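Each remark here refers to the structure printed beneath this line.
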Amino acid sequence: MQKWVLGALMAALSVVIGPATAHGPIIIKFSHVTTPDTPKGVAAQKFAELADKYTFGRVKVEIYPNSQLYKDKEELEALQLGAVQMLAPSNSKFGPIGIKEFEVFDLPYILPDLATLRKVTDGVLGEKLLNLLEPKGMVGLAYWDNGFKVMSANKKLVAPADYRGLKFRIQSSKVLEAQFRALGAVPQVMAFSEVYQALQTGVVDGQENTPSNMYTQKMHEVQKYTTLTNHGYIGYVVVVNKKFWDELPSEIRDQLKQAMREATAFGNARSAQENADALDAMVKSGKTELVTLTPEQDAEMRKAMEPVYDDVGSRISKSLIEDFRKASGATH
Ligand code: LMR
């Protein structure tokens, strides 16, 4: 390309883009709590690559994984203050900042599979939930999957009675609190980055998480048994600081939306396999024994957790639970 053409193009671009990029690229600090080789870590990396590509290098996404910048609760505060621009907290973590509705995703056995989940997140209800974020200074850009949870402890967890009296680490969700109370266990809210040590030192006896989160934090090394309950789901809402987002030139916003759409499809297409691989690796390590439930045992677990729906009905609203079921096509 002729030099003057390039110069004219650059000048035109700088008018369109505005002063934000006059002194170098726009930086998006993306903080998260899992390792790079998790469903969230992989999707974040993909987004960074695509953001760079679609904005022609005008936006650089700096990823800070594994709680190296902020832990769970801090990262949401940091986003609201504008210290970082982007996060992907799990649905379970919005309660402490006053948005309890995302806890509907935590209800035990509400989602039989990822296809059902997609009907909710890709539909009107998914959009409605994202709109709740704006008054809190953030914009919801996408739903990212992790996957279904397993239970772990140093004791074999088969029947509801096995949970009685044990301390379980939970994310900061009242639904998860009610879930462990329904099992007669003692729930304890704790940041993700502290779980390994808490399990190792016996501060808590057990925990629930996806295989990919367990494996990458080495939790399986300090938990003798892992039970394949698939009782609940962990997924993320990708959020961006609203002021930062609104002030971006609109074509950059569009390019970032495109990058986000593709990163979401990329990550969500892989998450199930990543969790299956992590489960395999946990078993191969020989450090934790995998426990599977018979259909009768599974039914017992479901029954034990049924009261959770009534317990949290007034918190997250019965009509939201009903809407969620309708949106997911549930017939029960
Ligand atoms: C947890 O705290 O267990 C998870 O939400 C961590 C994560 O971001 O997947």
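Applying 1/(1 + (r/R0)^6) with R0 = 25 Å to the Cβ-Cβ distance of E134 and D310, what FRET efficiency is obtained, to the nearest 0.05? Computed FRET efficiency for E134 and D310: 0.20. Amide hydrogen proximity for L141: with H placed 1.01 Å from N in the peptide plane, the residues at 5 or more positions away or on another chain lying under 5 Å are V238, V239, V240. Between V84 and L79, the built amide H atoms are under 5 Å apart, and every one of these is 5 or more places off in sequence or on another chain.
Taking Cβ atoms as reference points and 12 Å as the exclusive limit, the residues near T264 contribute a net charge of +3, counting Lys and Arg as +1 and Asp and Glu as -1. Past the 24 angstrom mark, what percentage of all C-alpha to C-alpha distances in the chain do you count? For the chain, the fraction of Cα-Cα distances above 24 Å is 56 percent. Between the listed residues W245, I316, M214, the Cα displaced farthest toward the positive end of the dipole of the stretch 180-332, a dipole computed from Cβ unit charges relative to the Cα centre, is found at W245.
Considering only beta bridges that DSSP places wholly inside the chain, some 50 percent are antiparallel.
Heavy atoms of the protein chains alone define the surface here; on that basis the stretch 75-166 has 34 Å² accessible area per residue at 1.4 Å probe size.
The D254 and A159 beta-carbon pair, evaluated with R₀ = 51 Å, returns a calculated FRET efficiency of approximately 0.45.
Protein heavy-atom surface of the stretch 23-328, 1.4 angstrom probe: 51% of the accessible area is carbon and sulfur, with nucleic acids and ligands not counted. A simple packing score, the average count of other Cβ atoms within 10 Å per residue, orders the peptides 79-89, 229-239, 299-309 as 229-239, 79-89, 299-309, with the highest score first. Amide H contacts for Y109 (H built 1.01 Å from N in the peptide plane; partners 5 or more residues away or on another chain; cut-off under 5 Å): G232. Whole-Hz Karplus values for the stretch 264-271 come out as 5, 4, 4, x, 5, 6, 10, 4 Hz, taken residue by residue from phi with 6.51 cos²θ - 1.76 cosθ + 1.60 and θ = phi - 60°; glycine and proline positions read x.
The values are calculated or read from the model by the stated rules, or taken from the named source; none is laboratory data. Since the structure is predicted, the reported quantities are computational estimates derived from the model, not experimental observations. Counting neighbours? That spans all protein chains shown, and the Cβs are built from the backbone with ideal geometry, glycine included. Keep in mind that these areas ignore ligands, DNA and RNA; they rest on the heavy atoms of the full protein, side chains included. Shrake-Rupley method; radii C 1.70, N 1.55, O 1.52, S 1.80 Å.
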